[in-house]
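I have placed the structure first, in the form of structure tokens, so that the comments after it can refer back to it.
The values are calculated or read from the model by the stated rules, or taken from the named source; none is laboratory data. Computed from a predicted structure; not experimentally measured. Because the Cβ atoms are built from the backbone with ideal geometry, glycine has one as well, and the counts that use them run over all protein chains shown.
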Amino acid sequence: MRYASLGIALAAAYLVALPLQAQTIAITGGTVHTVDGPAIHGGTVLVRGDSIVAVGRNVTVPSGARVIDARGKIVTPGLIHASSDLGLLEVGSVSSTSERSSTGEITPSFDVAEGINPASVRIPVARMEGVTSALAVPSNGVLAGQASLVALNGDDLGAMLRHRKAAMVGDLGSDLQDYGGGSHAAGLGKLRRLFRDAQEYARRRADYQRRDMQDLSAPAAELEAILPLLRGELPYYADANQARDIRNALRLAEEFDLRLIIRGGAEAWQVADDLRAANVPVAVNAFANIPDFQSLGVRWDNATLLDSAGVTVVLYEGETGGPRNLRYAAGHAVRNGMPWEDALRAVTRTPGELFGAANGAGVLAPGRPADVVVWSGDPFEISSHADVVIIGGQETELSSRQTELLDKYRELD
């Protein structure tokens, strides 16, 4: 009995040690928009494990693969929302459900990643609309903290994280004005001093620890967090809407050699040539059209004008709950003149490259993450819907708390 039990235990241990067979999925017959080239009619996307292994018209489907018939449908990469509070906010009016900000105007060391809630009821809602990744961004402050790119699947944060330190997020508009005591100019002066203090701290750490130098404008932990930004290791994802603020941001980026990405950019169309010359991308809220004193020149075709001027454009939806409407934001940009292919790139490949790690999501190509959506029709049309959503090679269930409540109360006694 003892020997038999030992044999069973060894066999079980051997089986556990074996690598699991990677799932193979073949999406066949659809119109495949790879974002990396022309559409492939009647194409196949072959997925094995968590990666795409083949895309084309003459792809051999291995025996035993799960086949998804996409004839008459459209296949695209999963959408990437580039300005999201998914997992960081549940109810806007209930502060205890928010993990978006830390106390203070200068909090570059604030890392939102560990505050993300994988069980957020808002994540399945966005996933049902074809959003497979999102940039979780901190809020409030000239240097609000570090954003993380996450895949919208799984119940484990470690498995969801695609790129933990994807960007330093901040505000060079109204928050900068507050930082300067009511003046953008004063705010820029304080921010320049902060950057120079971080550089001085890097040169004289030993003196700082001995208290053998003048006081600096931020604690050591915050100065340390600024250094990757100043070394160009992560981009500065900065809110700026007025043309003046965008020009100031461009000068600041040139002075400190920052990898600047403008978010908002309501009046960016007015400085499109400067943005193109500086190779600075702009993330545009496609639905923004109501002027205020920070964006008097806002217009619906902002993304179109930037795109046609050669500026790299990302599209996002800026309202709480907005990720579910990302595809409509892209459709709205198309309605206002942006080419369809450019709008698709602005919600897939471009944010994937700006905020993702190497071989990031957003393109249907071998070696890329297997984030794939099969649509009933044009994904930017309100009448279409996502039939299949695959994230990291795993087909996800298309249900949410809303659909569960619908099913629960569909028939009442």
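The figures follow:
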| item | result |
| --- | --- |
| Breaking point among (1) closer than 16 Å to ASP50 by Cβ; (2) touching a Pro at 6+ places or on another chain (Cβ under 7 Å); (3) surrounded by fewer than 24 Cβ atoms within 10 Å (Cβ to Cβ), for ASN359 | (2) |
| Test: residue in region 5-24 that is surrounded by 15 or more Cβ atoms within 10 Å (Cβ to Cβ), within 33 Å of the chain's Cα centre (by Cα) and either outside the structural domain of ALA343 (by TED's automatic domain parsing) or modelled with pLDDT of 95 or more (or both) | yes |
| Index of the failed condition, ALA113 passing every other in (1) of a type outside the set (Ser, Thr, Tyr); (2) assigned to a loop (DSSP other than H, G, I, E, B); (3) assigned by TED's automatic domain parsing to the domain that holds THR350; (4) in contact with a strand residue (DSSP E or B) (Cβ under 7 Å, 6 or more places away or on another chain) | (2) |
| Out of SER84, SER98, sole residue that is of a type outside the set (Phe, Trp, Tyr), touching a Pro at 6+ places or on another chain (Cβ under 6 Å) and assigned by TED's automatic domain parsing to the domain that holds LEU315 | SER84 |
| Conditions (1) assigned by TED's automatic domain parsing to the domain that holds ARG164; (2) within 27 Å of THR24 (Cβ to Cβ); (3) in contact with an Asp or Glu (Cβ under 7 Å, 6 or more places away or on another chain); number of the one not met by ALA357 | (3) |
| Residue list for region 175-193, restricted to those being surrounded by 17 or more Cβ atoms within 10 Å (Cβ to Cβ) and of a type outside the set (D, E, K, R) | LEU176, GLN177, TYR179, GLY180, HIS184, GLY187, LEU188, LEU191 |
